[in-house]
Amino acid sequence: MLINNKLRESEITYQMDINCSREKLWEVISTPGNLEFCHPFCKENQVTKWGEVGAQDSIQYYNGLKLHRLFTEWNIGKGYKLLIGRGRYATAKVIWEISAKEDEISTLSITINIYSDIALKGYSKFFRWVIKEFYLLPKMSNYVKDVVKGFKYYIETGKSVKKNQFGNNRMFSNMKT
């Protein structure tokens, strides 16, 4: 998967404190297939290769969309970076970072750098801008918040996140529970 460096990107970040040690948070985010029990829109998380730069997996969302992830950085105990998309070019770069606030309080931060011209390539340039500003970015902002909430919920309760647990997101799920 490649990045088209000529394209502009839009950045969305969300972070949240989680009641656990940094080591526990790393253990969860670095577990193969973790999206199946922590992600509110993930139907299936198939792992091809895991645990290092070059790791690969795919995420099948509840609405049928399937995206592939390629890990470009793997920093043990700190986080990772990945590319995500369906084709030759990445739809987004994603950065997962963890930090310790106190002994048993850590922060999970997810930043998504979206290449809207790739994600919305089926639309004219004028409509891409309108869709990006009024649909894509607001939905992605809610999406990243719900994913972080899912990891917090799983870590703090030990229970798997349910489908659409924090609300529906039409980009990744359907209305049925």
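Every number in this text was worked out from the coordinates using simple rules, so none of it is lab data. For clarity, every value in this text was computed on a predicted model and none was experimentally measured. Here the Cβ is made from the backbone with ideal geometry for all residues, glycine too, and neighbour counts use every protein chain on show.
If you build the Cα gyration tensor of the range 73-177 and take the root of 5 times each eigenvalue, what three semi-axes come out, in whole angstrom, biggest first? Each step should come with its number before you reach the end.
Numbers: eigenvalues 157, 71, 26 Å².
Three semi-axes, in Å: 28, 19, 11.
Please state the relative contact order of the chain as a whole percent: Cα pairs under 8 Å, 6+ residues apart?
On the way: 360 pairs, mean separation 52.7, N = 177.
Contact order relative to length: 30 percent.
Residue by residue through the range 118-127, what is 3J(HN,Hα) from phi via Karplus (6.51 cos²θ - 1.76 cosθ + 1.60, θ = phi - 60°)? Round to whole Hz and write x for glycine and proline.
Values per residue, Gly and Pro as x: 7, 4, 10, 4, x, 10, 5, 4, 4, 5 Hz.
Read phi for every residue in the range 38-47 and hand back ³J(HN,Hα) as whole Hz from Karplus 6.51 cos²θ - 1.76 cosθ + 1.60, θ = phi - 60°, with x for Gly and Pro.
With coefficients 6.51, -1.76 and 1.60, one gets 10, 10, x, 10, 8, 8, 8, 10, 8, 9 Hz.
Tell me, what ³J(HN,Hα) does each residue in the range 161-167 have, in order and in whole Hz, if you take phi through Karplus 6.51 cos²θ - 1.76 cosθ + 1.60 with θ = phi - 60° and put x for Gly and Pro?
Per residue, the Karplus-derived 3J(HN,Hα) values read 6, 8, 4, 6, 4, 9, x Hz.
Whole number please: convex hull volume per residue of the Cα set in the range 123-176, in Å³?
Numbers: hull volume 3.9 nm³, N = 54.
Hull volume normalised by residue count: 72 Å³.
List the lysines whose Cα lies under 23 Å from the Cα of LYS49, skipping any in the same chain that are fewer than 8 positions away.
LYS24, LYS66, LYS78, LYS81, LYS93
If you wrap a convex hull around the alpha carbons of the chain, what volume per residue comes out, as a whole number of Å³? Mind showing how you got there, number by number?
Values: hull volume 19.2 nm³, N = 177.
Per residue, the Cα convex hull of the chain comes to 108 Å³.
Treating only the Cβ of Lys, Arg, Asp and Glu as charged (+1, +1, -1, -1), what charge dipole size does the chain show about its Cα centre? Round to the nearest 20 debye.
Working: 27 positive and 18 negative charges, 199 e Å.
Computed about the Cα centre, the dipole is about 960 debye.
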